[in-house]
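The values are calculated or read from the model by the stated rules, or taken from the named source; none is laboratory data. Predicted, not measured: the structure shown is a model, and the values here were computed from it. Every residue, glycine as well, gets a Cβ built from its backbone with ideal geometry; the counts of neighbours run over all protein chains shown.
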Amino acid sequence: MLSREANELMCRVGAGTPMGKALRRYWMPVLQSSDLPAPDCDPFPLEIMGDKFVAFRNSRGEVGILDELCCHRQASLVMGRCEGNGIRCLFHGWKFAVDGTVLETPNVNDPQFKTRVRAKAYPVREAGGLIWAFFGPAEVEPPFPHHPWFDVPASNRLNVYALNNANYVQVFEALVDSSHLNILHADGLGLSANLQNLNFAAAAEMSFDAAPLIEVDDTTFGFHYAALRGGSKPGEDLHVRITAVLAPFQVANPNEDLWMFVVPINDYQSIHFHVWAHPERQMGEEPLRSNMLKHVGLDEEALRNFNMTWDTLNAKDQPDRLNYFRQNRAAMKQGRFSGLHSFTQEDAAVTRSAGALKDRTKETLAPTDTAVARYYRMLINTAQGMDSGKEPIGVRADPMQIFGRNVTVPYGTDWRTLVPTHTVTSRHRSAPEARVERKVKSFVPEGAA
Ligand code: FES
Ligand SMILES: [Fe+2]
């Protein structure tokens, strides 16, 4: 449970808010390279943290992100023409380079005039199939973080995102909530165990225990959390899933082939970026690419059917309580657990069913929510730290040193030895005595097929 004030503090991301100020200190992905598919392609109407921008690619292939409204008289540059070395405003023809330089002002005679104005442009990078931006003050721009999957060939990488009609914290917290996996996703995990060339078998192994012990180590970059199953007595193997959480909204998944970011579009909508990458598996090539996307419900059709694409996100017809979030109730009667399409739709349905920005004053957190509670705390501390001039946590973290793990180890193994590169700042576990008293708790829904 959180106070109303604390909930507002961590969820509101507008430019003037404490959290908004903190988030603007990090580099963040904002689009995929494929959203600007070619030089001089159509510009992209971008919204991040409640601010509106235009993203475009010039004829040299460079990406620019500018404030959406033209610095002359505020016409939207989304209608602009991408011409050669910049984007031209439709109203009076001013033309801007990717760095905001005014290249032409055809309605002004004085040739010096354009040197005295500049469009607001943001630092941009393109790496790992993503377009990244930094929205904070220039004097505190941190080094651009290098991720391990930047170095993997495009054929071995799969970029995809889903849009959500929910606040970023709400979408993110399901990523630090191991105990929902074999309940909400029971149908999908059952199927996953049979999928040879997809790396889901690892996740499916956890199905034997619905109430893992959760341990969290706060670190200098955010935190590590371990979901521990089994291993409660000598001779019994311990199944460990370690997730690395990088502030403010990144996850290195325990399967070691998936990284995720949940970036706020505004207070009520977010972009959930997924990057799968593997040194050998060609995740970016067919048929693996389509198999993967279809299996988790991230293929174009499944996303569109659940209003998770740009053209459907704000449509009038939405999954909601009156249509049971598009559940198939008949399939549930025949043995399906959730009645929802797949992992992505299951997560989206439960997330948005709480309201676009949920009221956490009414929540009752359980021992298995230890990592969720730590995530809230990390964000709240970060937002509060902005007043005292503290640098937000993890702004300079090196993602090359940060990873998840999914392994089975002998009884008594300390999971921390599996992720040796992190510096612990404090420790938390789901219940002090849980390790001794813990019993494997299987979950079988009534009427399951
Ligand atoms: S409003 Fe853009 S050129 Fe005048
Ligand atoms: Fe989930």
Given (1) part of a loop (DSSP other than H, G, I, E, B); (2) crowded, with 19+ Cβ neighbours inside 10 Å, index of the condition Ile65 fails: (1)
What's the total number of residues in the range 409-426 that are touching a helix residue (DSSP H, G or I) at 6+ places or on another chain (Cβ under 9 Å) and more than 23 Å from Trp259 (Cβ to Cβ)? 1
Pairs, please: C-beta under 7 Å, at least 6 apart or cross-chain, first residue at negative phi and of a type in the set (S, T, N, Q) and in the range 154-181, second in a helix (DSSP H, G or I) and within 15 Å of ligand 2 (Cβ to nearest atom)? Asn164/Val171; Asn164/Ala348; Asn164/Thr351; Asn164/Arg352; Asn165/Arg352; Gln170/Thr351; Ser179/Thr368
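Is it the case, given these coordinates, that Leu322 is without any contact (Cβ under 8 Å) to a residue 60 or more places away in the chain, within 16 Å of ligand 2 (Cβ to nearest atom) and either among the hydrophobic types (A, V, I, L, M, F, W, C) or in a helix (DSSP H, G or I) (or both)?
Details: without any contact (Cβ under 8 Å) to a residue 60 or more places away in the chain: yes; within 16 Å of ligand 2 (Cβ to nearest atom): no; either among the hydrophobic types (A, V, I, L, M, F, W, C) or in a helix (DSSP H, G or I) (or both): yes.
Judged against the criteria, Leu322 is not a match.
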Taking the range 84-102, which residues are more than 33 Å from the chain's Cα centre (by Cα) and either touching a residue at least 40 places away in the same chain (Cβ under 8 Å) or within 16 Å of ligand 2 (Cβ to nearest atom) (or both)? Gly84
Can you pull out every residue in the range 347-365 that is outside any helix (DSSP H, G or I), over 20 Å from the mean Cα position of the chain (by Cα) and surrounded by 14 or more Cβ atoms within 10 Å (Cβ to Cβ)? Glu363
Counting only residues that are surrounded by 16 or more Cβ atoms within 10 Å (Cβ to Cβ) and either modelled with pLDDT under 95 or within 22 Å of Glu47 (Cβ to Cβ) (or both), which one in the range 92-119 is farthest from ligand 1 (Cβ to nearest atom)? Val98
Can you tell me which residue within the range 1-44, out of those that are among the basic types (Lys, Arg) and in a helix (DSSP H, G or I), is surrounded by the fewest Cβ atoms within 10 Å (Cβ to Cβ)? Arg4
